[in-house]
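Have a look at the structure below before the remarks.
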Amino acid sequence: MVVSRQLFKKAVLVSALVLLTLVAFQFWPSGSNDEALVSVEVRRGNIEALVTATGVLQPRTYVDVGAQVSGQLETLHVQVGDEVKQGDLLAEIDPTVYLARVDGTRAQLRNQQAQLKDRKAQLTLAEIQLQRQKNLFAEDATTREALQSAEASLRSAEAQIEALSAQIDQTQSTLRAEEANLEYAKIYAPMDGTIVTIDARQGQTLNASQTTPILMRIADLDTMSVQAQVSEADIGQLEAGMPVYFTTLGNQGRRWEGELSRIEPTPLVENNVVLYYALFDVPNPGGRLLPQMTAQVFFVAGAADDALIVPVSALRYGERTQRNNEATSGNGRSATVSVVSPGTEPALREVRVGVTDRVHAEILSGLSEGERVLLSGPESRNRREQGSGIPRMFR
């Protein structure tokens, strides 16, 4: 009798456990079903489709100041960070050699000019002698040979003057070159700007015979240029004139805005990665942006303000929507969503999609603000239920 009661209690316990299990399957859905039935509300917001890249800041306008003559750098009149105006004296090269050359050439020129005066005097004398021989020959008081000799002397004097004049022109040209080299010993600022680098040191010997030694760089920091490296996968989304903004590592809360000016066609290949330079300018009031700063660049491929948005995970693209996209590519893309209405089953609805980022998508038509959409469609839920092995009566 005691054994029968124990068997009865065990049977009741087993039955209760089976019943609880069936109830759990009915009212405690699996994690996958929870995910399938998650819905979100269609709301309004701002959305941007961005292409990101890393860039480097450079002055838009700069010039490398070099030395045109060789010699010892005698004096540097500026330091890095100094503001200069066009025509300001920047540096001086020892002018001793060039000054000596100028003095020597000037002396040679004076000597030739004195010789020219003598030749002109000789020419005057030859003209007088020729005229005398003509008068004597007319009176038959001299010979034809003497007359011809006087004519030849005149032509020789004229030729000597012409040759000496050419020598003087050549010497004057040499003097201008020597004076220019002497002037090049003083280096002046070619533009207004800031001294951003100095590559030479006072006392250094400069050799300008083969290459131009670079002394310093002057840059106009009022406008900076950003050189952004864009991957070949994203370069097709960029076009000149599109808005762009960037932040710097030192001040990520400040946004600097501009417009894409150009894309350089020559790629940069690093470790088999193809990159293209996209360039744009930005004003730099106050000089907060400096050369070689790193910029996180964002190219705005599309934007929409106060638009209807839904998560991209709520959108589905099938064959029919793909055909619609090809037929109406200028009016957004076609997609389907599962709309949830109170008291009804989720229903598929076709919508037009505008700007899309990695998280949200703009809805151009097909939905209204406040409606709810599933993050995944009802058919995926049915497939999961059919494959779950749970009897229909308990689902």
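A few notes on this one:
- Flag for Thr321 being among the hydroxyl-bearing types (Ser, Thr, Tyr), over 15 Å from Val40 (Cβ atoms) and either modelled with pLDDT under 50 or outside any helix (DSSP H, G or I) (or both): no
- Among the residues here, Val40 does not qualify as open to solvent by less than 40 Å² (accessible area, probe 1.4 Å) and at pLDDT 95 or above.
- Flag for Ala233 being aliphatic (A, V, I, L, M) and touching a Ser or Thr at 6+ places or on another chain (Cβ under 8 Å): no
- Positions within region 153-189 being within 30 Å of Glu83 (Cα to Cα), in a helix (DSSP H, G or I) and not aromatic (Phe, Trp, Tyr), in sequence order: Glu179, Ala180, Asn181, Leu182, Glu183
- The residues listed here are Thr194, Thr211; of these, the one that is part of a loop (DSSP other than H, G, I, E, B) and among the β-branched types (Val, Ile, Thr) is Thr211.
- Within region 262-282, tally of residues that are in contact with a strand residue (DSSP E or B) (Cβ under 6 Å, 6 or more places away or on another chain) and either under 27 Å from Thr197 (Cα atoms) or in a strand (DSSP E or B) (or both): 12
- Counted residues, region 199-230 - those being under 17 Å from the mean Cα position of the chain (by Cα) and open to solvent by less than 40 Å² (accessible area, probe 1.4 Å): 8
- Inspection of region 298-305 identifies no residue that is under 19 Å from Gln58 (Cβ atoms) and either open to solvent by 60 Å² or more (accessible area, probe 1.4 Å) or not in a strand (DSSP E or B) (or both).
- Among residues of region 175-189 that are more than 18 Å from Pro213 (Cα to Cα), those with a Cβ under 6 angstrom from a residue that is hydroxyl-bearing (Ser, Thr, Tyr), sequence gap 6+ or separate chain, pair up as Leu175/Thr105; Glu178/Thr105.
The values are calculated or read from the model by the stated rules, or taken from the named source; none is laboratory data. Nothing here was measured: the structure is a model prediction, and the numbers come from that model. Positions of Cβ are generated from backbone atoms using ideal geometry, with glycine treated the same way; all protein chains shown enter the neighbour counts. The accessibility values were calculated without ligands, DNA or RNA, using every heavy atom of the protein model including side chains. Shrake-Rupley method; radii C 1.70, N 1.55, O 1.52, S 1.80 Å.
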